[in-house]
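Asks: Let me give you the structure first, and then I'll get to my questions.
The values are calculated or read from the model by the stated rules, or taken from the named source; none is laboratory data. As the structure is a computational prediction, the values presented were derived from the model and not from experiment. Glycine also receives a Cβ, built like all others from the backbone with ideal geometry; neighbour counts cover every protein chain displayed.
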Number of protein chains: 2
Amino acid sequence: MAPTSASPAPPPLQEGALRIVALGGIGEVGRNMTVFEYNGRLLLVDCGVLFPEDDAPGVDLILPDFGPIENRLDEIDAVVLTHGHEDHIGALPFLLRLRSDIPVVGSKFTLALLSAKCQEHRLSPQLVEVAEGQRSEHGAFDLEFFAVNHSIPDALAVAIRTPAGTVLHTGDIKLDQLPLDGRLTDLAGFARMGAEGVDLFLADSTNAEVPGYVTPEREIGPVLDSVIGRATQRVIVACFASHVHRVQQVLDVAEAYGRKVCLVGRSMVRNMGIAAEQGILRVPEGLLVNLEEALGMPAESVVFVSTGSQGEPLSALSRMARGEHKQIKIQQGDTVILASSMIPGNETAVFGVVNGLVRLGAEVVHQGSAKVHVSGHASAGELLYLYNAVRPSNVMPLHGEWRHLKANADLATLTGVPSDRVVIAEDGVVVDLIDGIASIAGRVEVGHVYVDGLSVGDVGESTLSDRLVLGEGGFISITVAVDATTGRAVSPPTVSGRGFSDDPKALDEVSPLVEMELSRTESEGITDTHRIAQAVRRTVGKWVADTYRRKPMIVPNVLPVDS
Amino acid sequence: MAPTSASPAPPPLQEGALRIVALGGIGEVGRNMTVFEYNGRLLLVDCGVLFPEDDAPGVDLILPDFGPIENRLDEIDAVVLTHGHEDHIGALPFLLRLRSDIPVVGSKFTLALLSAKCQEHRLSPQLVEVAEGQRSEHGAFDLEFFAVNHSIPDALAVAIRTPAGTVLHTGDIKLDQLPLDGRLTDLAGFARMGAEGVDLFLADSTNAEVPGYVTPEREIGPVLDSVIGRATQRVIVACFASHVHRVQQVLDVAEAYGRKVCLVGRSMVRNMGIAAEQGILRVPEGLLVNLEEALGMPAESVVFVSTGSQGEPLSALSRMARGEHKQIKIQQGDTVILASSMIPGNETAVFGVVNGLVRLGAEVVHQGSAKVHVSGHASAGELLYLYNAVRPSNVMPLHGEWRHLKANADLATLTGVPSDRVVIAEDGVVVDLIDGIASIAGRVEVGHVYVDGLSVGDVGESTLSDRLVLGEGGFISITVAVDATTGRAVSPPTVSGRGFSDDPKALDEVSPLVEMELSRTESEGITDTHRIAQAVRRTVGKWVADTYRRKPMIVPNVLPVDS
């Protein structure tokens, strides 16, 4: 069932077969991107970013590895975007830089978010707008779209019909049976596809470990109502900038209590503007006020809706929690609602914000203390509905770490999919669908592509491993000038440490040690600066390990000077 | 209710009054230590460590700040240890290094764990063993001890009677009404103290935000029974090395299924040895086997009990998850149970271990998927029992971040404690109990004392802030030798980056830039190496910000050479 890391390079794709490779999103949560290949042509589904964790310090974004397709860009018939979240569209501008005229297929709201993003990158993509119920042909790939309920409006699942068989790809999905916008996940459509025959089903694994069913989004409304209803001072609601239905519920409650609403944060203002324009967000006349107006109003008359629910240090909410926000100062009695999940890894940052707000006198309501968030991803119970509707011949779990993929695989087999037809394929694992049977054909190399500041790809594993060492122990640099001919030190060594110690005398013993070592190298006739540097590194490294039991980076600079 | 950071230094302690200052443990979870002062004498309760998070990279431990008492060591009458967890005893060896003959008061099991720790530090503390129901006088402090239920055996609460009033300190506490060892938290004793009059009640805040009651520990037994009962291969249970009752339940279930048990990890073996010796852990004859014996047995005949439940990278469990453990190789069908909480901040590491284990074919059972852990700290419902039993005049929430302290304070006021008698005092905030009223008298400075390798205190905020910069962006060093008299560069600059880029050409533009800048400084007659270094730093910093939009540390080394 599981690929081994020793899987070989895949054979050439057999004629009449379909090949599937994820360049991101399997074995991790984020940078979703799946490549389908038939008869020498490629179809991409999603092209998202991953937000880095502790193991990639200083990195802004992680992209899927385009390596396996970068020499085949002209063979791409289209890229389909299932919805507008960053982990599904965020990397597309980087792909469009390589070939700008790839047709981009998606729903109206998804494409509007993508366009806004592309404008920042000065790109004008070729957009193909589709909607649920529609079909769209791109080369060998005959696509059909299905409405899907998720934590962003206008999400789609996509069926991909090819001569090699039919694939159904859920994108991110849940099955809220009372969605706020009435737009249900099209289970009937999935069943129809099932009746037609789905050879391979790719399904969202994010919540496969969670038993039962996701609470309907609309149950958050009464909780917001009760919290905002009893608030006597300002209310600040933090949530994701793309969660239109969550914001809708806040607007509705604010209106009911005669409060105005002020949207805070560039992405929040932009996305809600798009949603309002498309009629997805209903904004009552005169409800919205700008920040200046809001600050001039009595505390009990306004609700701020802000980003920053993940504790991002530069966000408006984090600055409020530190008392550093220029305009919005938290007062005793203010209410702050974190109407969002806590993405694993962000707990410390989020609770840091909560502590700061509580310390300043705010009452903070969060997922742990009230039902102010529900997930956007199907729990195990909902996934069973999907498997039973689709009755797929083969299954490939998508979107998730290993524990999620395995849990999803187990659900598939529970509904009757033979376990040898459930393929857990990490990023880069090549799955071929041949004669109705999906199996692992090999593996292509996919790495992590890091975006750090303006450049893509120049920060790699070696740089990150240096950052980890430096971040843990700092460095000690030793600079010496030596006579290029004799190798004799021409000045005493300069020793300095950064990130090593606050004690100015901590490194006092290093200089004499290095001088001794330099006498030794000189006496042995060593003039090669690399060898001298190596000797210095060894001497200082041993000293610091013995003296401090620490491992700073040792950085010798040996400068040859002409005598 | 809350102290401001502008609180002034406290006035001298009024005669007949009691002063309370936490040197750690309030406003954070860990390094618990509270100082009581009466008539020039001091009593300490607990002396624990805090395990560092992302904001203290490379640090091994964080100690309470002994600063406010380090000139008053001779005035300490005793240190009371409420129980044997690291966050209550871990810093004591560092205090005993300053004065080795401070009487250390605690229960039998607590003192045994402390002794083991002190042996590693080559210290022989003066131990005073006490038990619930006993009293013990230390100078002006008349102590009485109460049985307390927690996630480690033999925990105590302590009442401190002084002429200024009576304090009751819970330590870590919960109120399991069906404890495995039958040793209930002595609520009746607390009520008796309440009847006598408790002037100040210091209560554990850790779970004050959590509504309801902690599930009894014994409900984990049947879950372990069901998981281990259906396991057909090896079983590995990971839990804290001090959680004797959890291990007892594993031993019982293992015995029931005819499996032998192998304890893995130095602290696990040591602590369970102590517990068995003291009759706290019941080990059936012949149940335990050593690692070598365990490896020779059929997979279905053994349970491993291991540390590493927090994803510690060097732990046995982490090494198994990476396939790097020398002896224990995870096989398809093995079962791993994480019978512990996930300490906030450790989620990514723990799930990393889970993913690794699942990938190797193990079934992993954790807190998220089954009831294999219950907390050691009272939930809100239990805290209400405590407040109602004790009916304190004043309350000071202990052990927790701001959100926990505030939730605990709210519970106290709900039971009728006037809100102006509930004092939220962070570390360093000085609370005086005068004529039965507790209030904030000022603040003493307490910082974080970091242990990194062998030395204590030399790593401070400046070093940590350098580590954070280096960890995010690495550094660029520029080394030049200049003529000491003229300031002229005598060799081309040597430029190197670490943690900056994998691209060997990334810094090619720096050298010519620096040469230009050095010509400028030379032409302006600048010979001071600090000023030259500053000019180089400015030039390279601007270049890297413009070119890469990154902020590595810029490290110029300007070496004066005599011409």
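Asks: For region A:344-363, give me the residue count where each residue is in a helix (DSSP H, G or I) and of a type in the set (D, E, K, R).
Replies: Counting residues in region A:344-363 that are in a helix (DSSP H, G or I) and of a type in the set (D, E, K, R) gives 2.
Asks: I would also like to ask the following. Based on this model, can you work out whether A:V510 counts as free of Cβ contacts under 8 Å to residues at least 60 places away in the same chain, more than 9 Å from chain B (Cβ to nearest Cβ) and under 26 Å from B:G457 (Cβ atoms)?
Replies: It is true that A:V510 is free of Cβ contacts under 8 Å to residues at least 60 places away in the same chain, more than 9 Å from chain B (Cβ to nearest Cβ) and under 26 Å from B:G457 (Cβ atoms).
Asks: I'd like the full set of residues that are over 12 Å from B:L92 (Cα atoms), aliphatic (A, V, I, L, M) and in a loop (DSSP other than H, G, I, E, B), limited to region B:48-80.
Replies: Once the filter is applied, which keeps residues that are over 12 Å from B:L92 (Cα atoms), aliphatic (A, V, I, L, M) and in a loop (DSSP other than H, G, I, E, B), region B:48-80 yields B:A56, B:V59.
Asks: Oh, and also: Consider region B:315-327. How many of its residues are within 29 Å of the chain's Cα centre (by Cα) and in a loop (DSSP other than H, G, I, E, B)?
Replies: Residues in region B:315-327 being within 29 Å of the chain's Cα centre (by Cα) and in a loop (DSSP other than H, G, I, E, B): 5 in total.
Asks: Look through region B:331-353, keep the residues that are of a type outside the set (G, A, S), crowded, with 24+ Cβ neighbours inside 10 Å and over 18 Å from the mean Cα position of the chain (by Cα), and return whichever of them is farthest from the other protein chains (Cβ to nearest Cβ).
Replies: Checking each candidate, the answer is B:I337.
Asks: With among the hydroxyl-bearing types (S, T, Y) and either free of Cβ contacts under 8 Å to residues at least 60 places away in the same chain or part of a helix (DSSP H, G or I) (or both) as the only criterion, which of B:S341, B:S309, B:S375 stands out?
Replies: Exactly one residue qualifies, and that residue is B:S341.
Asks: If you take the residues in region B:423-463 that are under 30 Å from B:D410 (Cβ atoms) and within 14 Å of chain A (Cβ to nearest Cβ), which one is surrounded by the fewest Cβ atoms within 10 Å (Cβ to Cβ)?
Replies: Among them, the one singled out is B:G447.
Asks: Next question. Answer yes or no as to whether A:I89 is free of Cβ contacts under 8 Å to residues at least 60 places away in the same chain and surrounded by fewer than 23 Cβ atoms within 10 Å (Cβ to Cβ).
Replies: Criteria not met by A:I89.
Asks: In addition: Could you tell me which residue of region B:119-157 is surrounded by the most Cβ atoms within 10 Å (Cβ to Cβ), considering only residues that are in contact with a helix residue (DSSP H, G or I) (Cβ under 6 Å, 6 or more places away or on another chain) and free of Cβ contacts under 8 Å to residues at least 60 places away in the same chain?
Replies: Only one residue fits best here, namely B:F146.
Asks: Go through (1) within 14 Å of another protein chain (Cβ to nearest Cβ); (2) in contact with a His (Cβ under 9 Å, 6 or more places away or on another chain) and name the single condition A:G58 misses.
Replies: Status for A:G58: all satisfied but (2).
Asks: Taking region B:513-563 only, how many residues are in contact with a Lys or Arg (Cβ under 7 Å, 6 or more places away or on another chain), within 12 Å of another protein chain (Cβ to nearest Cβ) and closer than 20 Å to B:T486 by Cα?
Replies: Qualifying residue count, region B:513-563: 1.
Asks: I've got another one for you. When you check B:G400 against the structure, is it more than 14 Å from chain A (Cβ to nearest Cβ) and surrounded by 20 or more Cβ atoms within 10 Å (Cβ to Cβ), yes or no?
Replies: no
Asks: Suppose we filter region B:464-483 for residues that are modelled with pLDDT under 95, out of contact with any helix residue (DSSP H, G or I) (no Cβ under 8 Å at 6 or more places or on another chain) and more than 7 Å from chain A (Cβ to nearest Cβ); how many remain?
Replies: 1
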